[in-house]
Ligand code: LAC
């Protein structure tokens, strides 16, 4: 899907979605970290029926995977976020709607299937009244949780995006006052985000909505423990934001291992649900995260590649493939249900070793194209 998306998309759209911070080390590390985890499967367990279903914050879903918030869905396809929501609904998984959507909140929520679950991702505005209005609108329109992005006081430096001018429509859901178009898409859409956001704001955010709060972008055990002890937080997403914020931030899966160990040692592992995102491209990646104690994983770019390639049908195909791969991995590990997935089913001893002697990442090699260097006259 990524290869097809690349052919279908504009340079501007491709540059924005595919890029990450600085040298893109953290983006690649999200993939390579999975290659340092191996399975310890169980056998002879009657695998004639396998069930991948679970629930997230009380909402049932067909598998422990959700589509994460991604800005400007119409850079992929005219359907934009509506196409993502249609596919998520048909596959019975959660869709986290973005603040920086190219579709309106009404259109995204209007496209929700009857029994489907949507969450709303929030970037907090310097003008708190605008944020309160937006959050309340999302709740009225039926969103079931509020995922506050906590790893983005500013958007990271993504050089491949910065080389492009932003020529598209700005986000529909929350318009910025000023739009600078000469420094790439990320700069153009984010000027109004409040860099002063801090732990003390969570109580206020909890006071303006009944939606449970999710903190998206936790990156170490210290902050995970603060979140787990916070009276208003119900879930966290352990994530380096697709490698798009701080280069050399550790991978989502490595941080998940650290966070779960810390929560368990304090007896807090059941206080909050723990999700992760970053680099999930295979069902085995998903299973590894569940073995580590994660409750679900988010995908971003894979859904966008499906959308850019074939609209909502492409997104649905991505979800089908991941579900089939997860089912297969569960069969091979001896897990009939999500509840059977255990920490001892993986060997993650090398996870913290940041070494480069890992198998080559074929997906990356196929799709990466270096900056064409213009020779000096
Ligand atoms: C990004 C923001 C918008 O990563 O989430 O571009």
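Worth pointing out:
- Label-to-label distance for residue 328 and residue 196 is 5.3 nm, based on points extended 7 Å past Cα in the beta-carbon direction.
- Structure-based [θ]222 nm, the chain - -39500 (n - 2.57) summed over DSSP H runs of at least 4, per residue, nearest 500: -11000 deg cm²/dmol
- In whole angstrom, the stretch 287-343 maps to an equivalent ellipsoid with semi-axes of 26, 12, 7, each derived as √(5λ) from the alpha carbon gyration tensor and ordered largest first.
- P(r) tail fraction, the stretch 45-110 - alpha-carbon pairs more than 13 Å apart, %: 65
- Once both labels are positioned 7 Å from their Cα atoms along Cα-to-Cβ, the gap between residue 128 and residue 261 label points is 3.8 nm.
- Rule-of-thumb Rg ratio for the stretch 193-295 [Cα; 2.2 N^0.38 Å; N residues]: 1.08
- Cα pair distances exceeding 19 angstrom across the stretch 1-118, given as percent: 62
- For the stretch 21-53 versus the stretch 202-228, the gap between their alpha-carbon centres in whole angstrom: 27
- The share of alpha-carbon pairs in the stretch 247-371 lying farther apart than 26 Å comes to 28%.
- Treating r as the C-beta distance of residue 140 and residue 167 and R0 as 25 Å, the FRET efficiency rounds to 0.15.
- Alpha-carbon Rg with Dmax, taken over the stretch 98-174, Å: 14.2, 42
- Full-extension gain in nm, residue 350 to residue 320, via 0.36 nm per residue minus C-alpha separation: 7.8 nm
- Centre separation in Å (Cα based) which lies between the stretch 241-258 and the stretch 101-118: 29
- Kirkwood Rh and Cα Rg combined as Rg/Rh, the stretch 86-135: 1.03
- Residues 119, 14 arranged by fewest to most Cβ contacts within 10 Å: 14, 119
- Here, the chain yields an orientationally averaged convex hull projection of 18.9 nm² when only Cα atoms define the hull.
- Looking at the chain alone, DSSP beta bridges between its own residues are antiparallel in about 20 percent of cases.
- Ratio of Rg to Rh over the stretch 109-149 (Cα coordinates, Kirkwood Rh, two decimals): 1.01
- Net lengthening on full extension, residue 35/residue 180 (0.36 nm per residue, minus Cα-Cα): 48.2 nm
- Taking label positions 7 Å along the Cα-Cβ direction at both residue 55 and residue 154, the computed distance is 4.4 nm, reported to one decimal.
A short reminder: the numbers here are calculations on the coordinates, not readings from a lab. This is a predicted model, so every value here is computed, not measured. Here the Cβ is made from the backbone with ideal geometry for all residues, glycine too, and neighbour counts use every protein chain on show.
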